[in-house]
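Following: one structure in structure tokens, then a few remarks.
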There are 4 protein chains.
Amino acid sequence: MPASFDPSALDDLLTRIARDAPRHFGEGNVASYIPALAEVVPDQFGIAVCDVAGRVYRAGAADTPFSIQSISKLLNLIIAIQHLDEADIWQRVGREPSGQAFNSIVQLEVERGIPRNPFINAGALLVTDLLVSRIMSIHWVMRELARRLAGNPALAFDTRVASSEMAHKARNAALAYLMKAYGNLHGEVDEVLDVYFHGCALSMSCVDVARAFAFLANRGVHPDDGSVIVTPQQNRQLNALLLTCGLYDAAGDFAWRVGLPGKSGVGGGIVAIVPGQMSLCVWSPRLDSYGNSVAGLRALETLVEGLGVAPLG
Amino acid sequence: MPASFDPSALDDLLTRIARDAPRHFGEGNVASYIPALAEVVPDQFGIAVCDVAGRVYRAGAADTPFSIQSISKLLNLIIAIQHLDEADIWQRVGREPSGQAFNSIVQLEVERGIPRNPFINAGALLVTDLLVSRIMSIHWVMRELARRLAGNPALAFDTRVASSEMAHKARNAALAYLMKAYGNLHGEVDEVLDVYFHGCALSMSCVDVARAFAFLANRGVHPDDGSVIVTPQQNRQLNALLLTCGLYDAAGDFAWRVGLPGKSGVGGGIVAIVPGQMSLCVWSPRLDSYGNSVAGLRALETLVEGLGVAPLG
Amino acid sequence: MPASFDPSALDDLLTRIARDAPRHFGEGNVASYIPALAEVVPDQFGIAVCDVAGRVYRAGAADTPFSIQSISKLLNLIIAIQHLDEADIWQRVGREPSGQAFNSIVQLEVERGIPRNPFINAGALLVTDLLVSRIMSIHWVMRELARRLAGNPALAFDTRVASSEMAHKARNAALAYLMKAYGNLHGEVDEVLDVYFHGCALSMSCVDVARAFAFLANRGVHPDDGSVIVTPQQNRQLNALLLTCGLYDAAGDFAWRVGLPGKSGVGGGIVAIVPGQMSLCVWSPRLDSYGNSVAGLRALETLVEGLGVAPLG
Amino acid sequence: MPASFDPSALDDLLTRIARDAPRHFGEGNVASYIPALAEVVPDQFGIAVCDVAGRVYRAGAADTPFSIQSISKLLNLIIAIQHLDEADIWQRVGREPSGQAFNSIVQLEVERGIPRNPFINAGALLVTDLLVSRIMSIHWVMRELARRLAGNPALAFDTRVASSEMAHKARNAALAYLMKAYGNLHGEVDEVLDVYFHGCALSMSCVDVARAFAFLANRGVHPDDGSVIVTPQQNRQLNALLLTCGLYDAAGDFAWRVGLPGKSGVGGGIVAIVPGQMSLCVWSPRLDSYGNSVAGLRALETLVEGLGVAPLG
């Protein structure tokens, strides 16, 4: 591990990044497609790092909970991998970058209801459909896994966000019904949407998210208790999928600029993994046109450069 | 570097892989779109590794030259990065996975003549157009760079392949003319195609290719002479681009199965990079439906598993 | 009016057509996407003509009721034109051929929720949304108009078909939700679908359909009672729309072969208009790959040739 | 034939239309994709009618030659129908509206090189390829047919326009090469383009065009000499194709507003057919966003309304 992991040096780096973040506070816009998200105070910033020893570093509003939104797609996929036969998953959802916006429906028709990957909306709905059909009390399972991974028993759904999502479900309903029309989604659309929206509505802070996904930097082993969350092979595969598909149609640019596996959400959070070393989480609500946090992306670039980490060398 | 780099262990691994390769000799088909490629003896296999100290390991037909085809897209991009202002490149070609076959024209119209990335045909033609307009004697420059990187002064164009490509230029001509219609390709289409096809028609062996791209595993520095081919940042960016876009619409699957930056060609060659450690090249002419070598992909999987390398860990 | 309208000659022509129809009974398949339609006895055929004096000619199973399915799209558009400000209609649905299958969703996303025309599913759902929001008791209005136009007070919804459609609503629900996501569909999706499916589930015979739409051959005036259904301009426009868009992505072929405004349904019915002269209705349940009745299309070709009618000259 | 064909009444109508045309002179833009067209004086207007007795009526700049551009697609299709086996034509080009802009390439890839219809660029290039391969001296045949149909032995190619088209051939070359890649276009691309561009570069006046296509209003018989240009069935089919496909992605709107078979060109000309009665030609260089003459379309609407002709009644 590079010298920069000297705790005080990393603290200094995070502090500097948090101090500089307001430079980007004017850029981009808060997600506006549901009222509950549109009301978020836009000019906030938090950052947290969790290393493979479980040590947490933080700066800015790192303990402020935000709506994790699409970061829940990663959580749901992990549940699916833990509970289901993988062949069942991968015959119903692909593993390729989509080259399309996260909520595009065009590709889904061309490819007859098989979503490209689990990190676009259609794919995440499909994974949720798998969970709904196979796992009892799936809401509870999702929340408990998030709590356990983050080591935070107080994590909760923001039910106001979940309700707001359901009230504005039209596009996701269109995706789900189209997959149902092709026979690929089996459950009741409204039930699938309810579970999916609850996942999106999990409230977590940067510290929560960094801790929750630190196992992805540690070959699948939770840093705190040594429990195996996924196998080393699954862990490598998840990171590969995050790298190629985690940021929708900005995945290539993120790989180019940051060079790490990552997943963003329209709540303004981004989680990234430095394999073998640490997980990173940034949060700032204003988004660029791809739905990724503007200040968050800049902070990640600075952090990666400052740490000198480069798994793609 | 893991113990597996013990030279004799690596030699054993490669020998075993080459011995097992014939199991896949019945699968897939040799590229048939030009006669010169269709005549290749299908059931051949070679493999080579070049580590960051410049040591080469090999097995099978590792010294048999083959047509590098799309691996030349990487060579051309390196020339562009070396000779041109990068901003000039990236305003005319993107850096995102295409989610489409390598020679698709649909996306090019939707996105008004800006190809998604330099590793699909349209993007490679665009990079070639940049080279043609800015670099004198570009054929010579391409061949000399390949010779120098591979340390093989005998490398040559297979002019029969280049002529055959030109005689069957229709789809690439369509891509080039469409970009010209949008004002993004500036040169004469036939001149751009001629240079592009010559790059594709470079004949290189697995050993040549592994040596030529070993610098990508070495932070941009050539292992043999210490010369800087690209900067560390450019090196990391190239690897990121290879990982997200190097295998066309099978990039996600390759990342999932192999987890390395890589580039394939319809001649049956695949080059892959283990950052910080080594470059790998496999070759076997039969292709899957995505245009990637069947036996080559399997060999890479086995090699990566055997080496225990996992940059995405 | 040509001499061929001599009643006995027309009767002879229809009789001959009905006699020859069984030649095509092996071709094509009954619509299978809902069980209630899949159960229809496939090898049936009916034909009816209604001239502008209101005289009806018939042969085969011309009085057997069938599910009018997409022919209801024409009925719904007529109600919209009668009750709404036309500008309200045409700012929310286009008037161009779609060049796509009747239930395609691709175009709807590309064109941001504005369906191409009222005769593809998305457009018909949009027209239904307009009806639902502006007209009280719209089910009743639809049925009453059908009864009045056909002069048959016994016309009824086949509620078993309507229920079966609702139970297999997925694709139409996807279309409706996507339009809702774009803000173009305003009502509740399930309510819109219920009305739409009831229209599709109207049971009418060839004689009913021919009588119902005879006004389109009579400059908008009902032959029986002289009432104005639509204005002459609206009548001409409806016929133009039927000619360019009435048979989905087989509209061009229908115009080429038959040369008349027409509308088909997956129940196997097709209605066609000879402006100034008569309306025609054929019915036979087996469909070609475009969803149009095989025997019905052949019968129409023979009928048009036998009558010597050629508005496109 | 309606009373409005009283010669002086028709003359009055045309005179009034020509007098009112300047109201639209500010709207739209002259085609600018080739310099030779961009130089045309924009604010000109001509109109001509040729009835089935061969009588010509005219107003405005009805004798000013203009570049017929895409109207040549109709001429080429007529030559193909006259000289080739029709089955040879229709297995290589479709007869359906495209729902896309005239020069779109997307559909051509999706449908593997088979253009939708002969009136979009790809389809016209394909028809030209058929002509080139089967007919000696095709330039001469095209010009002679135009001269004969128009009764004007002075008709000529504007070679400056043809050269300018060839110098800006990129998009049409892309379409042709893509069809060649799919094996559907057989000839040399540049030769096909040369013939196609010469057709586009025919200079004809409104009077020439109206006379040339009057046979389409006369069941395929030339009004002047009684010669059969096409059979009655072919004539009806051509009119059907013009109605569904003649104005690209504005075909539906043209049918709705004008209700006649028609063909437009980016030179600003539009020809329309009233089956059984007359042909119409208008010309004014400023185009709307679909590539159709703004003042021309308005004039046609007024003319059709004034004449009271309504084949779709």
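The values are calculated or read from the model by the stated rules, or taken from the named source; none is laboratory data. The model shown is predicted, which means the values in this text are computed figures rather than measured ones. Backbone-built Cβ (ideal geometry, glycine too); neighbour counts: all protein chains shown. For accessibility, only protein heavy atoms count, side chains too; no ligands or nucleic acids. Shrake-Rupley method; radii C 1.70, N 1.55, O 1.52, S 1.80 Å.
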**Request:** Spot the failing condition for residue B:33; the list is (1) hydroxyl-bearing (Ser, Thr, Tyr); (2) farther than 22 Å from residue B:198 by Cα; (3) in contact with a His (Cβ under 8 Å, 6 or more places away or on another chain), and only one is missed.
**Result:** (2)
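Just to be sure before I move on: is residue B:312 facing chain A (nearest Cβ under 9 Å) and in contact (Cβ under 8 Å) with a residue 40 or more places away in the chain in the structure I sent? Quick ask: steps written out before the conclusion?
Details: facing chain A (nearest Cβ under 9 Å): yes; in contact (Cβ under 8 Å) with a residue 40 or more places away in the chain: yes.
Criteria met by residue B:312.
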**Members of region C:49-73 found to be small (Gly, Ala, Ser), closer than 23 Å to residue C:235 by Cα and open to solvent by less than 40 Å² (accessible area, probe 1.4 Å), listed by number** = C:54, C:70, C:72
**Request:** Of all residues in region B:277-312, count the ones that are touching a Pro at 6+ places or on another chain (Cβ under 8 Å) and open to solvent by 10 Å² or more (accessible area, probe 1.4 Å).
**Result:** 4
**Asked** Of A:214, A:156, which residue is farther than 24 Å from residue A:90 by Cα, in the same structural domain as residue A:88 (by TED's automatic domain parsing), at pLDDT 95 or above and of a type in the set (Gly, Ala, Ser)?
**Response** A:156
**Asked** Which of (1) part of a loop (DSSP other than H, G, I, E, B); (2) without any contact (Cβ under 8 Å) to a residue 24 or more places away in the chain; (3) of a type outside the set (Val, Ile, Thr); (4) touching a Leu at 6+ places or on another chain (Cβ under 7 Å) does residue C:243 not meet, given it meets every other one?
**Response** (1)
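Of the residues A:230, A:274, which is open to solvent by less than 10 Å² (accessible area, probe 1.4 Å), closer than 12 Å to residue A:300 by Cβ and β-branched (Val, Ile, Thr)?
Unique residue meeting the criteria: A:274.
Can you give me the ranges of the helices (runs of 4 or more DSSP H) entirely in region C:169-225 with at least 2 residues that are within 18 Å of residue C:111 (Cα to Cα)? Lay out the reasoning, then the answer.
Working: elements: C:170-181, C:189-200, C:206-212.
Once the helices (runs of 4 or more DSSP H) in region C:169-225 are filtered for at least 2 residues that are within 18 Å of residue C:111 (Cα to Cα), what remains is C:170-181.
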**Prompt:** How about region B:228-266: which of its residues are of a type in the set (A, V, I, L, M, F, W, C) and either in contact with a strand residue (DSSP E or B) (Cβ under 8 Å, 6 or more places away or on another chain) or more than 7 Å from chain A (Cβ to nearest Cβ) (or both)?
**Reply:** B:228, B:229, B:230, B:238, B:242, B:243, B:247, B:250, B:254, B:258, B:260, B:266
**Message:** If residue B:251 satisfies all but one of (1) outside any loop (DSSP other than H, G, I, E, B); (2) surrounded by fewer than 24 Cβ atoms within 10 Å (Cβ to Cβ); (3) touching a Cys at 6+ places or on another chain (Cβ under 9 Å), what's the number of the condition it fails?
**Reply:** (2)
**Item:** Positions within region C:185-227 being open to solvent by less than 10 Å² (accessible area, probe 1.4 Å) and hydroxyl-bearing (Ser, Thr, Tyr), in sequence order
**Value:** C:196, C:205
**Asked** Which one of the conditions (1) free of Cβ contacts under 8 Å to residues at least 60 places away in the same chain; (2) among the small types (Gly, Ala, Ser); (3) not in a loop (DSSP other than H, G, I, E, B) does residue B:124 fail to meet, given that it meets all the rest?
**Response** (1)
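Go over the candidates A:177, A:182 one by one and state the one that is surrounded by fewer than 23 Cβ atoms within 10 Å (Cβ to Cβ) and either touching a residue at least 12 places away in the same chain (Cβ under 8 Å) or away from chain C (no Cβ under 11 Å) (or both). It would help to see each step written out before you state the result.
Details: A:177 fails: surrounded by fewer than 23 Cβ atoms within 10 Å (Cβ to Cβ).
Matching residue, one of A:177, A:182: A:182.
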**Request:** Report yes if some residue within region C:52-61 is within 14 Å of another protein chain (Cβ to nearest Cβ) and over 28 Å from residue C:125 (Cβ atoms); otherwise report no.
**Result:** yes
**Prompt:** Among the residues of region D:95-135, which ones are more than 16 Å from the chain's Cα centre (by Cα) and among the hydroxyl-bearing types (Ser, Thr, Tyr)?
**Reply:** D:98, D:104, D:133
**Item:** Verdict on residue C:86 being of a type outside the set (A, V, I, L, M, F, W, C), closer than 30 Å to residue A:182 by Cα and open to solvent by 10 Å² or more (accessible area, probe 1.4 Å)
**Value:** no
**Prompt:** Take the residues of region A:121-142 that are within 14 Å of another protein chain (Cβ to nearest Cβ) and either acidic (Asp, Glu) or farther than 15 Å from residue A:89 by Cβ (or both): which is surrounded by the most Cβ atoms within 10 Å (Cβ to Cβ)?
**Reply:** A:129
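For residues that are among the basic types (Lys, Arg) and crowded, with 22+ Cβ neighbours inside 10 Å, tally how many sit in region A:106-120. Even if it seems obvious, please write down each step before you answer.
Kept after step one, since they are among the basic types (Lys, Arg), are these residues of region A:106-120: A:112, A:116.
If we keep only those that are crowded, with 22+ Cβ neighbours inside 10 Å as well, we get A:116.
Adding up the residues that qualify gives 1.
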**Fill in**
Out of (1) in contact with a helix residue (DSSP H, G or I) (Cβ under 9 Å, 6 or more places away or on another chain); (2) modelled with pLDDT under 95; (3) not aromatic (Phe, Trp, Tyr), the one residue B:111 does not meet is (1)
